[in-house]
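Here is the structure we will look at, set down as structure tokens.
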Amino acid sequence: MSPALPDGDPAPADGALPRWAGGSGAPQRAFGVYVHVPFCTVRCGYCDFNTYTATELGGGASQDSYATTALSEIELGAHVLADAGLPAREVSTVFVGGGTPTVLPAGDLARILDGLRDAWGLADGAEVTTEANPDSVSPEYLRTLADAGFTRVSFGMQSAVPHVLATLERTHDPARIPDVVAWARDAGLDVSLDLIYGTPGESLDDWRTSVEAALATGVDHVSAYALVVEPGTRMAVQVRRGELTLPDEDDQAAKYELADELLTASGLRWYEVSNWARERADGSVAACRHNLAYWRGDDWWGVGPGAHSYVGGPLVGDDGDEIAGVRWWNVKHPRRYATMLAAGQSPAAGRELLDAPTATLERVMLGVRLAEGLDLAELSAAGRRAVAGQVAAGLLDGRAAIGGRALLTRRGRLLADAVVRDLTD
Amino acid sequence: MTPIPSAAETARIQPAATAPELLRNFCIIAHIDHGKSTLADRMLQLTGVVEQRAMRAQYLDRMDIERERGITIKSQAVRMPWVLEGTDGTRTPYALNMIDTPGHVDFTYEVSRSLAACEGAVLLVDAAQGIEAQTLANLYLAMENELAIIPVLNKIDLPAAQPEKYAEEIAGLVGVDPESVLKVSGKTGVGVEALLDRIVETVPPPVGDADAPARAMIFDSVYDTYRGVVTYVRVVDGKLNPRERISMMSTRATHDLLEIGVSAPEPHPTDGLGVGEVGYLITGVKDVRQSKVGDTVTNALKPAAEALGGYSDPKPMVFSGLYPIDGSDYPILRDALDKLKLNDAALVYEPETSVALGFGFRVGYLGLLHLEIVRERLEREFDLDLISTAPNVIYDVTMEDRSVVTVTNPSEFPGGKIGEVREPVVKATILAPSEFIGAIMELCQTKRGDLQGMDYLSADRVELRYFLPLAEIVFDFFDQLKSKTRGYASLDYDVVGEQAADLVKVDILLQGEQVDAFSAIVHKDKAYAYGVMMTGKLKELIPRQQFEVPIQAAVGARVIARETIRAIRKDVLAKCYGGDISRKRKLLEKQKEGKKRMKTIGRVDVPQEAFIAALSSDAADPKDKGKK
Ligand SMILES: Nc1nc2c(ncn2[C@@H]2O[C@H](COP(=O)(O)OP(=O)(O)OP(=O)(O)O)[C@@H](O)[C@H]2O)c(=O)[nH]1
Ligand code: SF4
Ligand SMILES: [Mg+2]
């Protein structure tokens, strides 16, 4: 099952946030919206996302009414932000994820996007992405999305090797990938492919095949994630029983390095530890801006069951205390989510008010992972002292450090969590 | 007629007013678990000193740790009345003083103190087990003290009991007629009345000079939170009276007697203690060292000229480092040791520091069970989490320049030109069914044993006597002996001297830095095995670092074993689900917590748990050593 929600404080029933303390000035941060679609036709063996198959769901919260329910949260969200005194901001990025958003009719996704327009307005040049299953899209479907205002689609390709897909219990035919990419591009959408490395039984050559297949489609964006076998998944059971053997860390490291080499050689550049995008003529990359917003600590509203939201400060609590940010998360189950909204309640299950040191810790934790690096001024004195050691160890880039930024080397990217621990001492 | 005295009879056996002829002082001795405390229970009941409803099994085992482990650690003395009817029908009341003793070899010193307070000993033998190693050791001690021995077979209720067979065995050993060996069950109470009668008949009454200046031998001294130090004495001559001023003959220190009494088994203040009586004194001192076991108590105003022969303090035989897992607990540990010491004269310690483990103490113990018990009491009574390093013995190292270094901690083993290393040697007695002779000999051989002799106790039971290095026993000898003899062998040992041996110190180095807690002194032939074992274990336990870490075992400058922890290549979480940053941050915070608890050896971060795991798994688990 999906990971438990964090421990936090209860969230108020009306979803009210601490008040914006920034006066009339609008936050410098971008505002994004994440929409979670918690449905899949079947559950993959390694999956611990908050998603439900029709059988798991058992009635009470149908996919048909989901768009309507989500729209009611969007409406609530517009009020909550306004009531907190936050100056209005248009949505600059939208990301529809899951689950499998494309199990919904394209019209439903379009309606949700319309709802966002009504509630907050979409900024000019907004990036609007949906995740998609290569199985469940057609040229028409993709065209409908593009017409509705979607600009980008991210396919869960995972692998090009049949036995790896079989172990992952992914049902799509790898031969379809070039087709769906072509359809999406014909429809005018930017395309990203998601890959997974380190599946039990995957050889280094299998992985090379997958990366090369992804590159052969000519996409501008690739994400590559190491497989993590989460407790409670079917795959975890198979591993425990010895039916599957996990590759070791060294194997995963080798695959990461191979991917980085192949992608870089094809003109894609890493912009975040697990994300690569095509370098444009002006040196910028075709990054997923929504993704970047997470790592940069921008504000976003997460719509849907189990979705997380974040609004940074300056905020002020009831007792007048300064709050550096508020994060909240919705109830996980679609049925409960729907009932709460139907009752006019906020679906938030809990929240966390961040104090300044915690917010800083998060900024470092997230910011270090970006190719733009982290401003060393964000670090504590002890953290800055640790930089030299990390440069000496080959984990941080020396030139960037001299220029005032903490920037991971390739080896450093693989050891990013260790670097973060050191920098946040 | 009841053997419980009437009021008139009771008057004749009042403390401080009992004629020595009516006193009987005895102890119960046996191999561990042969049923001493259970037999004592029946005696407490039959003599009426503990009421039926207050009774519980092993009544005299009062410490939590004794009750949990089902073993006796401290001797307990109890005064009990008993009436014997003569052939002519005359009834004579007696005051019996019974001491229940521990059976485990580590606490032999407790037994020997108790013996000095008695004229007789009940030698108890489990009728299903027969004579075991500590049976012999304790019998020997009792004979040395010229005590009257009453051999008794216990547990005759057990289906597996073979009373006839073992009666022969024990009779042969003590030199009596097999018919005279009493057969009892501490569990059902069968035969216990007869045993009490036998005690009165056989154990000689104490002899002393009632008119001489008072002399009483201290045989135990216990710290009690409420009462301060409680001193247990056996009066030899004269009389001790309430509220008088007493003097300790070794130090000439004087104290006022705040309370004097007998244990029955609760403390009962009395009008004093007379010749031959056993009881307790309270003077208000706070430190057992002011009331030392073996010292003689006399009257301050009318002191005796000569002290009674004392005992020597038990010598610690086994040393080990003791460290708080949380370094900030060090002061608590220091206070806790000071408190425990009040109760345990055998405990010695001094501060030491370890690179791997921080601040702690080097503690000397009587043996592995003593180590385990001290540690457990510290953890339990003072709420501490502790780690102890692998136990070692004392070595005397003579350098080529003739200077001598005494080593209680392997990391102090000198590095220069060594002439000779001497290690303590024990005389070990192993009793086992004869089918295991081969296996035992083989084991002793690998443990550098030297066979001294072998005797058949009966057709199928054999006693083997060996000289063995104490260090080998301290390691895992006992476990191996048990497993090679399917649990049938029993072991007793006594340090008898020392011998020169070809010993070396093996150091463990992490990236070239010595990890002091893992240095060990081992026989030259075993250095390699130790090195391979320890480097292998640390390789498994120490997490990979950002660089390669060599782990070496070395004797002096010579590396004898080597492992390498490869550099870590990946330490990054790929993804954040739906922006679940809280989860990721909490993980980070947890990792950072973990990092704080790391010890840094050179540049290598080692979680303390790794050291602990490496240390605890190889110290043979002394827990079962409490039991045979
Ligand atoms: N069946 C049976 N079991 C007995 C008898 N006496 C003692 N036991 C059992 O033997 C075990 C050991 O008894 P203890 O009285 O604690 O033995 P101990 O000699 O005092 O042991 P230590 O003080 O540790 O040396 C316990 O489980 C008792 O219940 C007996 O007469 N019959
Ligand atoms: S498609 Fe994605 S979300 Fe759905 S079950 Fe598979 S892995 Fe999980
Ligand atoms: Mg006992």
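What to note about this one:
- Buried area at the B-A interface (accessible, heavy atoms, 1.4 Å probe, summed, Å²): 3500 Å²
- The residues of the range B:7-202 present an accessible area of 36 Å² per residue when probed at 1.4 Å with all protein chains retained.
- Put simply, when B:124-130, B:48-54, B:16-22 are sorted by average Cβ atoms within 10 angstrom per residue, most first, you get B:124-130, B:16-22, B:48-54.
- Measuring r between the beta carbons of B:Thr406 and A:Val316 and using R0 = 56 Å, the FRET efficiency lands at 0.20.
- In summary, the lysines within cross-link reach of B:Lys596, defined as a Cα separation below 16 angstrom excluding same-chain residues under 8 places away, comprise B:Lys586.
- Helix-only arithmetic for chain B: the sum of -39500 (n - 2.57) across DSSP H runs with n ≥ 4, divided by the residue total, places the mean residue ellipticity at 222 nm at -7500 deg cm²/dmol.
- Axis angle, to the nearest 10 degrees, between helix B:368-381 and the longest C-alpha principal axis of chain B: 90 degrees.
- Within the listed set A:Gly306, A:Gly320, A:Gly297, the Gaussian network model of chain A (springs between alpha-carbon atoms below 10 Å) gives the highest mean-square fluctuation for A:Gly320.
- In degrees, nearest ten, helix B:163-174 long axis to first principal axis of chain B (Cα): 90 degrees
- Share of carbon and sulfur in the accessible area of the protein assembly as shown stands at 51%, probe radius 1.4 Å.
- Heavy-atom accessible area, 1.4 Å probe, ligands and nucleic acids excluded: residues of the range B:527-574 down by at least 50 Å² from chain alone: B:Gln546, B:Arg569, B:Lys570, B:Asp571, B:Val572, B:Ala574
- Prolate is the label for the protein assembly as shown. Its Cα gyration tensor axes, ordered a ≥ b ≥ c, give a/c of at least 1.5 and a/b above b/c.
- Compared with the dominant principal axis of the Cα atoms in chain B, helix B:608-618 is inclined by about 60°.
- Chain A: relative contact order as a whole-number percent, Cα under 8 Å and 6+ apart: 18 percent
- Surface per residue (accessible, 1.4 Å probe) for the range B:208-277, Å²: 41 Å²
- Partner chain coverage, peptide A:32-41 - average Cβ within 10 angstrom: 1
- Straight-line cross-link partners of B:Lys183 among the aspartates and glutamates, defined as a Cα under 14 Å from its Cα and at least 8 positions apart when in the same chain: B:Asp126, B:Asp157, B:Glu164, B:Glu168, B:Glu169, B:Glu193, B:Asp197.
- Anisotropy class of the range B:7-202 from Cα gyration tensor, a/c 1.5 cut: rounded
- For the range B:7-50: rounded, prolate or oblate by the Cα gyration tensor [a/c cutoff 1.5]: oblate
- Gained length - B:Glu51 relative to B:Asp209, 0.36 nm times residue gap less alpha-carbon distance: 53.3 nm
- Over chain A: helical MRE at 222 nm, DSSP H runs n ≥ 4 each giving -39500 (n - 2.57), nearest 500: -11000 deg cm²/dmol
- Near-label residues of the range B:530-567 by backbone N, under 18 Å of a point 7 Å along Cα→Cβ of A:Asp248: B:535-551, B:562-567
- FRET efficiency, 1/(1 + (r/R0)^6) with R0 45 Å, evaluated for A:Arg111 and B:Glu68 via beta carbons: 0.05
- Neighbouring partner chain Cβ atoms per residue of A:411-420, average, 10 Å criterion: 5
- For the range B:337-467: relative contact order, % (alpha-carbon pairs under 8 angstrom, 6 or more apart): 14 percent
- Residue pairs, from the table B:Lys417/B:Lys524; B:Lys165/B:Lys482; B:Lys315/B:Lys484; B:Lys341/B:Lys599, whose Cα atoms sit over 19 Å apart: B:Lys165/B:Lys482; B:Lys315/B:Lys484; B:Lys341/B:Lys599
- When Rg and the Kirkwood Rh are both derived from Cα coordinates, the Rg/Rh ratio for chain B amounts to 1.03.
- Antiparallel bridges, percent of DSSP beta bridges restricted to the protein assembly as shown (to nearest 5): 75 percent
The values are calculated or read from the model by the stated rules, or taken from the named source; none is laboratory data. Just so we're clear, the structure is a prediction, and the values are computed from it rather than from any experiment. Positions of Cβ are generated from backbone atoms using ideal geometry, with glycine treated the same way; all protein chains shown enter the neighbour counts. SASA here: full protein model, heavy atoms, side chains in, ligands and nucleic acids out. Shrake-Rupley method; radii C 1.70, N 1.55, O 1.52, S 1.80 Å.
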